[in-house]
1. Checking residue 227 against (1) outside any loop (DSSP other than H, G, I, E, B); (2) farther than 18 Å from residue 106 by Cβ; (3) open to solvent by 10 Å² or more (accessible area, probe 1.4 Å), which test does it fail?
2. State all residues of region 282-315 that are touching a strand residue (DSSP E or B) at 6+ places or on another chain (Cβ under 6 Å) and open to solvent by less than 60 Å² (accessible area, probe 1.4 Å); if no residue qualifies, say none.
3. If we scan region 241-251, do we find a residue that is without any contact (Cβ under 8 Å) to a residue 12 or more places away in the chain and open to solvent by 20 Å² or more (accessible area, probe 1.4 Å)?
4. Name the one entry in 230, 235, 205 that is touching an Asp or Glu at 6+ places or on another chain (Cβ under 7 Å) and over 17 Å from residue 97 (Cβ atoms).
5. Looking only at region 165-204, which residues are assigned to a loop (DSSP other than H, G, I, E, B) and of a type outside the set (A, V, I, L, M, F, W, C)?
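The values are calculated or read from the model by the stated rules, or taken from the named source; none is laboratory data. What you are looking at is a predicted structure, and each value in this text was computed from that prediction instead of being measured. We place every Cβ from the backbone using ideal geometry, glycine too, and count neighbours over all the protein chains shown. All accessible areas refer to the heavy atoms of the entire protein, side chains included, with ligands and DNA or RNA removed. Shrake-Rupley method; radii C 1.70, N 1.55, O 1.52, S 1.80 Å.
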Amino acid sequence: MLASLLKILAGILALIGAGALSYTYFRETFAPSEVVQEIPVVVKKEQSSPRPSLETAVSNSTQVATKKVEPKTTTATATAIAANGSLVPKTAVVEKSVVTPGPLRAITKTTSATDLTVRGIIERTNIERAQNGVLPALIENALLNRDAQMKVDDMFAKQYFEHVSPTGVGPSDLAQAVGYAYVTVGENLALGDFEGDAGVVTAWMNSPGHRANILNTHYREIGVAVGKGMYEGHMTWLAVQSFGLPLSACPAIDQTLKAQIDSTSATIADLRFQLDAKKAQLDATSQHDPNYNTYVNEYNALVPQYNSLVEANRVAVATYNAGVQAFNACIAFL
């Protein structure tokens, strides 16, 4: 009897245990479990600005497109072009000439020799010009008077009678010494005793070379000096005529404009150096670099200045060269 009750109790306990196990398994298998949702990581894409280029650089602050202006280059026509973009001014061509016929000595002594004078020789010279081709009178020039006087003094001091001194000083050197700017100078020399001013001028007119000097159509000015002194052991007269075509006979070349051109050319060269340096900086900088647009703006700011100066210098050079051409044409004509 007791054994039967124990079996029944054991069966009940077994049923209870099996139910508990079944409930636990069912719960683990079918009951809803908590789900942890993964939050996706959103990586914010940086908003990149358009890549600036040399042609259209965009300012980050104003977003206003700035177009790069390339520096102007000028092509050489009749005038050469320098590396800095400015034109090269032409050079005035002055072919100076000196006319010196052989010195004239009085062959025979005259008993009626009279003093020679500067004024009288100039007057007689202009009379001869008027009577031979109606040539304009020569204007007395103080610098040429000094030139002639230096020649007279030097010939007496060094005892020579030539156009070039023993030390190699000639008419062009004397003109330069007194500050006479010329295109052409000429010189007539006379030694001896003559019948006054008319006598010495007549003697020159009877000598082909001296006559050609007196009647030269190019001369416009004259200087004269006379002197009496000891030469080769006796007292005698020396007379010098100094003729000249001054440089001022041709239109003056504007040296102030030339200085302005040189100054502007130097500025252009400096700007070109800066532009080249900034261009090299741009080429070496990535277009993604935050400083790139700043460099572009700096470059673009210089370009108008450069082009403006090049254009202004082109006009100035053209004006200057026109003056040089007029001067050279005058020299060639004379």
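1. Of the numbered conditions (1) outside any loop (DSSP other than H, G, I, E, B); (2) farther than 18 Å from residue 106 by Cβ; (3) open to solvent by 10 Å² or more (accessible area, probe 1.4 Å), the odd one out for residue 227 is (2).
2. Initially, region 282-315 is screened for residues touching a strand residue (DSSP E or B) at 6+ places or on another chain (Cβ under 6 Å), giving 293, 296, 300, 314.
Selection gives 293, 296, 300.
3. no
4. 205
5. Answer for region 165-204, where residues must be assigned to a loop (DSSP other than H, G, I, E, B) and of a type outside the set (A, V, I, L, M, F, W, C): 165, 166, 167, 168, 170, 179, 180, 192, 193.
Residue by residue, here is whether (1) of a type in the set (D, E, K, R); (2) assigned to a helix (DSSP H, G or I) holds:
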{"position": "253", "(1), (2)": "no, no"}
{"position": "258", "(1), (2)": "yes, yes"}
{"position": "272", "(1), (2)": "yes, yes"}
{"position": "282", "(1), (2)": "no, yes"}
{"position": "298", "(1), (2)": "yes, yes"}
{"position": "303", "(1), (2)": "no, yes"}
{"position": "313", "(1), (2)": "no, yes"}
{"position": "317", "(1), (2)": "no, yes"}
{"position": "321", "(1), (2)": "no, yes"}
